[in-house]
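Report on the structure given below.
The values are calculated or read from the model by the stated rules, or taken from the named source; none is laboratory data. The structure displayed is predicted, hence computed values, not measured ones. Using ideal geometry, Cβ is built from the backbone for each residue, glycine included, and neighbour counts are taken over all protein chains shown.
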């Protein structure tokens, strides 16, 4: 079982195929597998997001229907054209747009897992009870992570080494998202993932506040505002 999904298997990352060699790790989100991987998935993080934005740090916001030019009086970057967040300028809002199940959701609560990207792209299904091959694969990876952590991390390191080799052959920069459909604090789980693979640029979205990656120079985080927002009145839908 390969842990990472390569660019060809992920619609958004495939957009950057010409300029980067990227992979992403997809686990079963929130508690879908029976194990928690998104600890802030049902909590209001608005005040944290506003503080990040006030401090000049980038914040990702999901908008309904279209991406506005500004939000909270801050310039909005169309983040749908590329997934490579480490290349973004600072002090911006990363504008994303509803996809997959999020287009149909009438959910009024702050539960991002109800319209998670787990149900977008190749895994989009209107019926949540339908279990796909992708769902099964993500559950196997999640079970692997919890049931045999040491072996899981060894394989993760091995696949990162293979990525570095592929990137060198193609003369491209390596990019890795460890949290494709999860929000794990990897800097606490295994900091050597970053220290041992300095040639890789790691990046993620996160809803967990105050993650300290100050000692890691090849990992960047974009704080993610909970909920879906109306691009006109800037209110949560």
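So, in segment 4-23, of the ones that are closer than 12 Å to residue 174 by Cα and modelled with pLDDT of 80 or more, which residue ends up surrounded by the most Cβ atoms within 10 Å (Cβ to Cβ)? Only one residue fits best here, namely 22.
Is it fair to say residue 67 is free of Cβ contacts under 8 Å to residues at least 24 places away in the same chain, over 17 Å from the mean Cα position of the chain (by Cα) and surrounded by 14 or more Cβ atoms within 10 Å (Cβ to Cβ)? When the stated conditions are applied, residue 67 does not pass them. Taking the listed residues 29, 86, the one that is in contact (Cβ under 8 Å) with a residue 40 or more places away in the chain, surrounded by fewer than 18 Cβ atoms within 10 Å (Cβ to Cβ) and either at negative phi or not in a helix (DSSP H, G or I) (or both) is 86, with no other qualifying.
The rows are residues; the columns are (1) surrounded by fewer than 19 Cβ atoms within 10 Å (Cβ to Cβ); (2) in contact with a helix residue (DSSP H, G or I) (Cβ under 9 Å, 6 or more places away or on another chain).
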| residue | (1), (2) |
| --- | --- |
| 147 | yes, no |
| 151 | yes, yes |
| 163 | no, no |
| 173 | yes, yes |
| 181 | no, yes |
| 190 | yes, yes |
| 203 | no, yes |
| 228 | no, yes |
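For residue 177, the test of being modelled with pLDDT under 95 and within 23 Å of residue 91 (Cβ to Cβ) is failed. Please verify whether residue 187 is over 22 Å from residue 21 (Cβ atoms) and out of contact with any strand residue (DSSP E or B) (no Cβ under 6 Å at 6 or more places or on another chain), treating the condition exactly as stated. The answer is yes for residue 187.
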